[in-house]
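So the structure is just underneath, and the comments pick up after that.
What follows draws every value from the coordinates through simple rules; no lab data is involved. Since we're looking at a predicted model, the values are computed, not measured. All Cβ positions, glycine included, derive from the backbone under ideal geometry; neighbour counts span all protein chains shown.
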Amino acid sequence: MSRVFAAIVPHGFPIIPDISEDAEGGMATREAMFTFGDRLKATKPDVIVIATPHGMRAEGMISLAAVSRGAGSLIWEGNKFEMNVPVDLDFTDAIASAAKNRSVPTALLGFAGNRRTQAVMPLDWGVITPAYFAGHTQNIANTGFIPGDAPEQDIAPPIVIINPARQLPYEAEIEFGRAIAEAAEATDKRVAFIASCDWGHCHDANGPYGFHPESARVDGIVVDAIKRQDLKSLTSLTEEETTTAAIDGLWQTLMLEGFLEGTDATVDFLVYETPRYYGMIVATYDLPNA
């Protein structure tokens, strides 16, 4: 079994201790994220695949970062955290190949350097937040887009960066998850998959998206589906529901459905809370024989 771990986690970055002491009220989520990190590390993955809704995207195509490293920073109320992490190019290529063989529209994206081994992708909070709790906790002062700026030692496994495409049918995201599983099973690498997700963004009238009761209702549907281990049921959500509730986690979660297919994975639902204007969920999956 090369699929060793999976999780649904949030990316509201004030939960990172280096940025906010009180997690802006999300202390239960922060505690659950440390549990997530401990469980992930215990499975000793060789590569961590992170699906984020916030990175560089190609319209109508699921995108993968075809670069040697990712580098970026987050700033919150004067506090700054920077990250510089290696990307597993070989496994990125394996996923892209499996996805294309399954007729899933897929794009390999570069940035800056024209040689992939010299290219570094900007990191978004959808990657940095889960990667922090996965072990990339070193606050790297220099995050320039040149491989020579990388830290001397990498302190956690390399990552693969994926961005879903909302323009595609839901089934394409599930099929892409199956492609990740296929690539995992074809290698001797131990692979972890993280669906980086926040949920309804309209829980607070003072938030940037205002208030709408659909956020709470749709979040309730998602929580129920995760607890029942029926992620595929989320394909019943309509575009109007996802847009009105302003969720950003559905597409990555459908990838997770495909990734888990064929396993006897069991979920541990750790927390759901809305300390600010958006919903956050932490749930981890135990994969037998990992």
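Annotations
- Max mean-square fluctuation residue, GNM over the chain, Cα-Cα springs under 10 Å, options A246, A186, A131: A186
- Of the peptides 18-28, 49-59, the order by per-residue mean of other Cβ atoms within 10 Å, starting with the highest, comes out as 49-59, 18-28.
- Spin-label pair D230-R115: with each label point 7 Å from Cα along the Cα-Cβ axis, the two points sit 5.4 nm from one another.
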